[in-house]
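Peer 1: Sharing a structure, written as structure tokens. Questions coming.
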Amino acid sequence: MAHMLQDKKAIVISGVPGSGKTSIALLLSTVLGALYVNLSALSAVSCLLGSYDRCRDTYVIHEELLVNLLDNIILNSKTPVIVDSHYGELVPSYHVATVIVLRIHPEELLQRLLRSRGWWTPRKIAENVAAELMGSCTNNAVATYGPEKVCEVNVTGLTAIEAAKKVMNIIKGAAPCVTNIDWLEHNIPAEVLEFIAKHS
Ligand SMILES: Nc1ncnc2c1ncn2[C@@H]1O[C@H](COP(=O)(O)OP(=O)(O)OP(=O)(O)O)[C@@H](O)[C@H]1O
Ligand SMILES: [Mg+2]
């Protein structure tokens, strides 16, 4: 069994939309023989989707019901559970072995979202690129689970397989678990900042 799992069952894969959570979590669950749980899909198929928030162009989920369902799924799972979600904080802390936050350079994220989410509004793309720039997913995860359970993985320029290997090394304890990515210390092209400013 992977080192980091120990007595806890859940590994949460977090990150902004487009960071590669689903691609990487599916690879990991195959390698670990783990149950894959996608929180967006779970809430949708369980009719837990709440009202539509026009302002944020997203659905408001029924958190309490989803947390209970998740709790039961993890309790009853005979294998480790990989939870794929950018609202990973819904997984009860007592189940969580580690939270892996995928970090991607905002420029690469912007290109990826423009390429793969053509139907999204520019505002939604800008909101997510800004969230990555500010490290929102890491901040949320640390606030909920504490810094010792949260590990960042820089996936910039990596294929999904390369990124999954990096995550596996952390889970196995072969690579350190750290949170030290601050894109504001890097060179962020003016076009990225202009896109955020223009569409926010
Ligand atoms: N390492 C990668 N390199 C290049 N493209 C990738 C990589 N990982 C994922 N992609 C592509 O980027 C897009 C987003 O990936 P994916 O759906 O896995 O992200 P996600 O974090 O699960 O997004 P969401 O939160 O919206 O579900 C997809 O088109 C996917 O094929
Ligand atoms: Mg996904």
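Peer 1: Which one is farthest from LEU65 (Cα to Cα) among residues in the stretch 88-125 that are part of a loop (DSSP other than H, G, I, E, B) and under 16 Å from the mean Cα position of the chain (by Cα)?
Peer 2: Taking the candidates together, the pick is HIS105.
Peer 1: Condition first: among the β-branched types (Val, Ile, Thr), closer than 18 Å to MET134 by Cβ and part of a loop (DSSP other than H, G, I, E, B). Now tell me which residues in the stretch 169-200 satisfy that.
Peer 2: THR179, ILE181, ILE188
Residue by residue, here is whether (1) free of Cβ contacts under 8 Å to residues at least 40 places away in the same chain; (2) open to solvent by 100 Å² or more (accessible area, probe 1.4 Å) holds:
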site	(1), (2)
ASN169	yes, no
LYS172	no, yes
PRO176	yes, no
ASN180	yes, yes
TRP183	no, no
HIS186	no, no
PRO189	no, no
LEU193	yes, no
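Peer 1: I'm checking my understanding of the structure. Among residues of the stretch 30-41 that are touching a residue at least 24 places away in the same chain (Cβ under 8 Å), more than 12 Å from ligand 2 (Cβ to nearest atom) and in a helix (DSSP H, G or I), which one is farthest from GLU64 (Cα to Cα)?
Peer 2: By that ranking, first place goes to VAL31.
Peer 1: Being at pLDDT 95 or above and either within 16 Å of ligand 2 (Cβ to nearest atom) or touching an Asp or Glu at 6+ places or on another chain (Cβ under 8 Å) (or both): is that true of GLY135 here?
Peer 2: Taking the combined requirement at face value, the residue satisfies it.
Peer 1: Looking at PRO92, PRO122 in this structure, which one is closer than 17 Å to HIS199 by Cβ and either open to solvent by less than 10 Å² (accessible area, probe 1.4 Å) or touching a helix residue (DSSP H, G or I) at 6+ places or on another chain (Cβ under 6 Å) (or both)?
Peer 2: PRO122
Peer 1: If you don't mind, another one. So which pairs qualify, if the first residue must be in the stretch 45-65 and open to solvent by 100 Å² or more (accessible area, probe 1.4 Å), the second must be modelled with pLDDT under 70 and not in a strand (DSSP E or B), the Cβ gap must be under 7 Å, and the two must be at least 6 apart or on different chains?
Peer 2: Cβ pairs passing all conditions: none.
Peer 1: In addition: Restricted to the stretch 126-157, and to residues that are assigned to a helix (DSSP H, G or I) and of a type in the set (Val, Ile, Thr), which residue is surrounded by the most Cβ atoms within 10 Å (Cβ to Cβ)?
Peer 2: Among residues in the stretch 126-157 that are assigned to a helix (DSSP H, G or I) and of a type in the set (Val, Ile, Thr), the one surrounded by the most Cβ atoms within 10 Å (Cβ to Cβ) is VAL129.
Peer 1: Can I ask one more? Is there a residue being exposed (fewer than 13 other Cβ atoms within 10 Å of the Cβ), at pLDDT below 90 and closer than 30 Å to VAL178 by Cβ anywhere in the stretch 5-27?
Peer 2: Checked against the condition, which is being exposed (fewer than 13 other Cβ atoms within 10 Å of the Cβ), at pLDDT below 90 and closer than 30 Å to VAL178 by Cβ, the stretch 5-27 yields at least one hit.
Peer 1: Another question, then. Out of SER85, SER77, which single residue is crowded, with 23+ Cβ neighbours inside 10 Å, hydroxyl-bearing (Ser, Thr, Tyr) and farther than 22 Å from LEU193 by Cβ?
Peer 2: Testing whether each residue is crowded, with 23+ Cβ neighbours inside 10 Å, hydroxyl-bearing (Ser, Thr, Tyr) and farther than 22 Å from LEU193 by Cβ leaves just SER85.
Peer 1: Follow-up question, since we're still on this one. Out of all the residues in the stretch 15-29, which are within 6 Å of ligand 1 (Cβ to nearest atom) and either without any contact (Cβ under 8 Å) to a residue 60 or more places away in the chain or not in a helix (DSSP H, G or I) (or both)?
Peer 2: GLY15, PRO17, GLY18, SER19, GLY20
Peer 1: Here's a follow-up. Could you grab the pairs with beta carbons closer than 6 Å, sequence gap of 6+ or different chains, first residue in the stretch 143-163 and in contact (Cβ under 8 Å) with a residue 24 or more places away in the chain, second one in a helix (DSSP H, G or I) and open to solvent by 60 Å² or more (accessible area, probe 1.4 Å)?
Peer 2: Listed pairs, sorted by first residue: VAL153/LYS166; ALA160/SER23.
The values are calculated or read from the model by the stated rules, or taken from the named source; none is laboratory data. Just so we're clear, the structure is a prediction, and the values are computed from it rather than from any experiment. All Cβ positions, glycine included, derive from the backbone under ideal geometry; neighbour counts span all protein chains shown. Each accessible area value is taken on the protein alone, full model and side chains, heavy atoms only, with ligands, DNA and RNA left out. Shrake-Rupley method; radii C 1.70, N 1.55, O 1.52, S 1.80 Å.
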